[in-house]
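J.: Okay, here's the structure, questions in a sec.
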Amino acid sequence: MKEISFIRQNIDKWKSLQKVVDEVDTHNPGELGDAYTEITTDLSFSRSHYPRSRITIYLNNLASALHNHLYKSKKETYSRIITFWTREIPETMYRSRKELLYSFIVFAVSVLIGVVSALNDDSFVRLILGDGYVDMTLDNIKQGNAMGIYGQSSPMRMFLLIAFNNIRVSFIVFVYGLLTGFMTGMALFYNGVMVGAFQAFFFQHGVGYESMLAVWLHGTFEISAIIIAGAAGFALGNGWLFPGTYSRGYAFRQGAKRGLKIIAGLIPVFLVAAFIESYLTRHTEYPVAVRLGVIIFSFASVVYYYIVLPILQSNGNKN
């Protein structure tokens, strides 16, 4: 590659990396590590092909400045764990706010489609949920225990199965981003239709209110996490599909890092959802105020951590 082509292809990226180096104290260790990797990769290429070039000197200076800061403040260990949750996840969610909006819209529209389809076609629910589940739930409703399915397994076994399945689903939604955001959207669409049909089914049989108190006890965390996983998938897909002014490889790597960070940050959410579903949802005898309180608290927690806190931190960084 000619030197001028190398510069044109990467100049915008270097400007953003220069900004990271200039404002090094405002960035977390993860971002600094990513920036250092990008700089040294380009520096290695430049040294091999243009050893006497000014661009090689420039990149070497950037790498040296960042290296000195990284290894001068090498007390990362425990503090990195804390900053990952307090700084990195909120920052990543702010950078992924458009993808989160797209994910929510796709899911919300698909839920509506599921509701409308279930209300207008009795066979639709069986098609989506399966005859076995529908027949078993109808028997539970006749026996006056509409949510009986949640008490059929031991809590620990149920917790392990649900946690594994939820994490698996979120990872699939994310990995589908490799096949463009379309596949991530299809995964969100299927899950949304299923939720809509599921909820409409209970309202059709007169136990909608009770089903919402039970299902959304754990579903607030669970469904929110799937939507957020959709944002991770869109970030991955958009990285190589719409690289903008960056090289496609660089944009893809950045999208993948963003997505993986979001997925990693969701694991505790899925564990909490699985715990609630396994140990609390089965107790339909609990007071309405208690169950409603858990739902409201869960919703407020998700909105604050994944939407409000990222905005507050971003505004604070600009001041």
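The values are calculated or read from the model by the stated rules, or taken from the named source; none is laboratory data. Computed from a predicted model, the values in this text were never measured in an experiment. A quick note on method: Cβ atoms are made from the backbone with ideal geometry, for glycine too, and the neighbour counts reach across all protein chains shown. Note: areas computed on protein heavy atoms with side chains; ligands, DNA, RNA excluded. Shrake-Rupley method; radii C 1.70, N 1.55, O 1.52, S 1.80 Å.
J.: Please count how many residues of segment 122-149 are under 33 Å from the mean Cα position of the chain (by Cα) and charged (D, E, K, R).
T.: Within segment 122-149, residues that are under 33 Å from the mean Cα position of the chain (by Cα) and charged (D, E, K, R) number 2.
J.: In segment 274-308, which residues are within 23 Å of Ala146 (Cβ to Cβ), among the small types (Gly, Ala, Ser) and without any contact (Cβ under 8 Å) to a residue 60 or more places away in the chain?
T.: The answer is Ala289, Gly293.
J.: Here is a further query. Quick check on segment 253-272. Is at least one of its residues of a type in the set (S, T, N, Q) and either over 20 Å from the mean Cα position of the chain (by Cα) or surrounded by fewer than 16 Cβ atoms within 10 Å (Cβ to Cβ) (or both)?
T.: no
J.: Just checking, which of Glu91, Glu76 is surrounded by 12 or more Cβ atoms within 10 Å (Cβ to Cβ), acidic (Asp, Glu) and at pLDDT below 85?
T.: Glu76
J.: Residue check, Thr281 against (1) open to solvent by less than 50 Å² (accessible area, probe 1.4 Å); (2) at pLDDT 85 or above; (3) outside any loop (DSSP other than H, G, I, E, B), all met but one. Which one?
T.: Unmet for Thr281, out of (1) open to solvent by less than 50 Å² (accessible area, probe 1.4 Å); (2) at pLDDT 85 or above; (3) outside any loop (DSSP other than H, G, I, E, B): (3).
J.: Considering only segment 138-183, how many residues are open to solvent by less than 40 Å² (accessible area, probe 1.4 Å) and among the aromatic types (Phe, Trp, Tyr)?
T.: Qualifying residue count, segment 138-183: 2.
J.: For segment 189-211, check the following and say yes or no: at least one residue is free of Cβ contacts under 8 Å to residues at least 40 places away in the same chain, closer than 20 Å to Tyr133 by Cβ and in a helix (DSSP H, G or I).
T.: Yes; the residues of segment 189-211 include at least one that is free of Cβ contacts under 8 Å to residues at least 40 places away in the same chain, closer than 20 Å to Tyr133 by Cβ and in a helix (DSSP H, G or I).
J.: On to the next question. Being aliphatic (A, V, I, L, M) and surrounded by fewer than 16 Cβ atoms within 10 Å (Cβ to Cβ) is the filter; apply it to segment 8-61 and report the residue that is nearest to the chain's Cα centre (by Cα).
T.: Ile11
J.: Another question, if that's okay. Being among the aromatic types (Phe, Trp, Tyr), open to solvent by 20 Å² or more (accessible area, probe 1.4 Å) and either in contact with a His (Cβ under 8 Å, 6 or more places away or on another chain) or in a loop (DSSP other than H, G, I, E, B) (or both) is true for just one of Tyr304, Tyr286. Which residue is that?
T.: Tyr286
J.: Would it be correct to say that Leu62 is modelled with pLDDT under 90 and either more than 21 Å from Arg253 (Cα to Cα) or assigned to a helix (DSSP H, G or I) (or both)?
T.: Yes; evaluated as a whole, the condition is true for this residue.
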